[in-house]
Amino acid sequence: MSIQPVSSSPRPPRRRRLSRWLGGFLAIVFVVPAAAASVLALLWANAVTDTAGRTVFVRPLAIPPLATGRVENGRRVFDLQVIEGTSDFGVGDRKTATWGFNGSYLGPTLRAKRGEQIQINVSNELGETTTVHWHGQHLPAAMDGGPHQMVEPGETWRPHWQIDQPAATTWYHPHLHGSTASHVYRGLAGMFILDDADSAVVGLPSTYGVDDVPLIVQDKSFDGDGQLHDGDPTFSPVGFLGDTIVTNGTINAYHRVGTELVRLRILNGSNARVYDFGLHDDRDFSLIATDGGLLPAPYRTDRVRLSPGERAEIVVRLRAGEDAVLRSYPPDLGTDFWNERFAGGDDSFDILQLRAADSLASSPALPERLADAPDLDAADARKTRTFRLGGSNINGRKMDMSRIDETVEVDTTEIWDVTNPGNTPHNFHVHDVQFAVLEVGGRRPGPELSGRKDTVYVAPGTTVRLILRFSDYTDPDVPYMFHCHVLRHEDRGMMGQFVVVRKGQGPGRPPAAEHDHQGSGGGLLLDRPPAGAGISFRR
């Protein structure tokens, strides 16, 4: 008996095979792009968040406690404990895991006067390393709280310096290289208000938490269990953008006002979002201060744009019995339609409702003059430097904690040209100094940029020209930072280091790396005392 081989299934005729191939090809050509187009259309539609006019304001605005510290041996001393906790945002059935200073979320508002010597005891009670940077303060590099001044779990860092700058709204937040975004997002931030003799006599609203109100504005997202979610939205060129506004840790916040004028100290404490603040009815308000202090004169406007890290102080006039809403309108990011959409440029949010009492106490009129303009003259500039922001780098280089990028001589004035040649929104922050903005896109800036600044928006395709003066403090080894304050960009390497040196002195070397959070090393300027003892900088 012969054994016949078992044959496989017969091949279909060539015409049928060609028909199947052609059908599959046509499906790829037509069906797949159609499906992709549907997905893109859905993503495009869902990329916009708009709560304007839809918010029910049900929670009184939380006011961060005011900390004036205590005086010891001629220093005003503050204590900050960095801790984990839980916060009730009113989202879901569970409290949200958060971090804070001296509490579960955010920190107290520190307050000091020009001329005072201060010391801040920062105790890290987290399970991981952090830092605390004094954003907007003029101080020695070793006290700056940048990536090199790491505070390990269980340790206390005691920076100290003299307040020697005009009255201003500054702030504090972590600056751990590679982890700044996550630490700030979890809740580590607080205001630091500086006063001086001039600001005390100007006659502005000044009762903290009543007619002088701090506003730390942040955007968050929450998962189904009420926990913070920080995933980057699809196609976002700037990283995390939340769909919920949290102001001083309060969602859907309102504040009762009993005076005709109310002063709002607004901090953009978000990771990436740019806001364009105004009132719901487009009424004018007075912009009186920016990052580094009071403007030369009040500026009447109906909008103020703030990128991450920027501050503005506005004074709003209210009528008895009315409700007014502070709102963020779609900001003009200056980029193409795609990046505008996915970077939050089409978003609108209600931020805070101001509820005026039926009878309001009278407020004095704002003065015509507030402060001197920044005393910086381009003719005095000794050097011009250029900075190009692109990808995750500055001037083609990513952050390296062991490298000094720029060396500046003390008591000199410089011009820095900061260019954003691409389509991604960026901004630019310089540690230690308050600069003046000379030009934006080759033109003289408007009154909103006429004061002292430490952070400025740099729109795509734009060069911003800054003038800076470096004074008082020198250290060839310990650097200050310059960087984009969009925190994902900063964490990924869009940051550089500069040192301020004496005349004829060259740059040194940053402290030896003890930790490596980003693959580039970092230095720890802390003595290690016995367990339980405090830790201070070496002098």
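The values are calculated or read from the model by the stated rules, or taken from the named source; none is laboratory data. As the structure is a computational prediction, the values presented were derived from the model and not from experiment. Here the Cβ is made from the backbone with ideal geometry for all residues, glycine too, and neighbour counts use every protein chain on show. We work out accessible area using only protein heavy atoms, side chains counted, and drop any ligands, DNA or RNA first. Shrake-Rupley method; radii C 1.70, N 1.55, O 1.52, S 1.80 Å.
Quick notes on this structure:
- Note on region 398-438: residues that are of a type in the set (A, V, I, L, M, F, W, C) and not in a loop (DSSP other than H, G, I, E, B) total 10.
- Count of region 284-319 residues, restricted to those that are under 14 Å from Thr170 (Cα atoms) and among the acidic types (Asp, Glu), is 3.
- Checking each residue in region 93-102 for being surrounded by 17 or more Cβ atoms within 10 Å (Cβ to Cβ) and either modelled with pLDDT under 95 or assigned to a strand (DSSP E or B) (or both) picks out Thr96, Thr98, Trp99, Gly100, Phe101.
- When region 453-508 is filtered for residues that are open to solvent by less than 30 Å² (accessible area, probe 1.4 Å), outside any strand (DSSP E or B) and under 17 Å from Asn395 (Cβ atoms), the ones remaining, listed by number, are Pro479, Cys484, His489, Glu490, Gly493, Met494.
- Lone qualifier among Asp323, Asp400 - being farther than 16 Å from Leu466 by Cβ, open to solvent by less than 60 Å² (accessible area, probe 1.4 Å) and among the acidic types (Asp, Glu): Asp400
- Filtered residues of region 466-515 (kept if basic (Lys, Arg) and more than 26 Å from the chain's Cα centre (by Cα)): Arg502, Lys503, Arg509
- Selected residue (only one of Arg311, Arg341, Arg305 is in contact with a Ser or Thr (Cβ under 7 Å, 6 or more places away or on another chain) and within 27 Å of Pro460 (Cα to Cα)): Arg311
- Of the residues contained in region 103-114, one or more are found to be assigned to a strand (DSSP E or B) and surrounded by fewer than 19 Cβ atoms within 10 Å (Cβ to Cβ).
- Residues located in region 280-296, provided they are buried (at least 19 other Cβ atoms within 10 Å of the Cβ) and either without any contact (Cβ under 8 Å) to a residue 60 or more places away in the chain or assigned to a strand (DSSP E or B) (or both): Phe285, Ser286, Leu287, Ile288, Ala289, Thr290, Gly293, Leu294, Leu295
- Checklist (1) outside any strand (DSSP E or B); (2) open to solvent by less than 30 Å² (accessible area, probe 1.4 Å); (3) farther than 26 Å from Gln353 by Cβ applied to Pro205, failing item: (3)
- Residues that are open to solvent by 40 Å² or more (accessible area, probe 1.4 Å), in contact (Cβ under 8 Å) with a residue 24 or more places away in the chain and more than 30 Å from Gly390 (Cα to Cα) within region 223-251 comprise Gly224, Asp225, listed in sequence order.
- Single unsatisfied condition, Ser199 versus (1) modelled with pLDDT of 95 or more; (2) open to solvent by 10 Å² or more (accessible area, probe 1.4 Å); (3) assigned to a helix (DSSP H, G or I): (1)
- Any hit, region 52-63, residues being open to solvent by 40 Å² or more (accessible area, probe 1.4 Å) and modelled with pLDDT under 95: no
- Residue in region 34-45 that is part of a loop (DSSP other than H, G, I, E, B) and modelled with pLDDT under 80 present: no
- Failed item, numbered, when Arg186 is tested on (1) more than 15 Å from the chain's Cα centre (by Cα); (2) in contact (Cβ under 8 Å) with a residue 40 or more places away in the chain: (1)
- Consider region 326-339 and keep the residues that are under 19 Å from the mean Cα position of the chain (by Cα) and surrounded by 21 or more Cβ atoms within 10 Å (Cβ to Cβ). The one that is nearest to Glu260 (Cα to Cα) is Arg327.
Table: residues versus (1) open to solvent by less than 70 Å² (accessible area, probe 1.4 Å); (2) of a type in the set (D, E, K, R); (3) in contact with a Pro (Cβ under 9 Å, 6 or more places away or on another chain).
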| residue | (1), (2), (3) |
| --- | --- |
| Asp347 | yes, yes, yes |
| Leu352 | yes, no, no |
| Ala365 | no, no, no |
| Thr419 | yes, no, no |
| Gly422 | yes, no, yes |
| Val440 | yes, no, no |
| Pro445 | yes, no, no |
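So that you can scan it fast, the table gives a plain yes or no per residue for (1) among the β-branched types (Val, Ile, Thr); (2) touching a residue at least 24 places away in the same chain (Cβ under 8 Å); (3) surrounded by fewer than 22 Cβ atoms within 10 Å (Cβ to Cβ):
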position	(1), (2), (3)
Val91	yes, yes, yes
Asn121	no, yes, yes
Thr129	yes, yes, yes
Leu139	no, yes, no
Met191	no, yes, no
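- Tallying residues that are part of a loop (DSSP other than H, G, I, E, B) and open to solvent by 40 Å² or more (accessible area, probe 1.4 Å) within region 297-312 yields 2.
- Condition check for Arg273: open to solvent by less than 10 Å² (accessible area, probe 1.4 Å), basic (Lys, Arg) and farther than 23 Å from Ala197 by Cβ: yes
- Residue in region 61-72 that is of a type in the set (D, E, K, R) and more than 28 Å from Asp230 (Cβ to Cβ) present: yes
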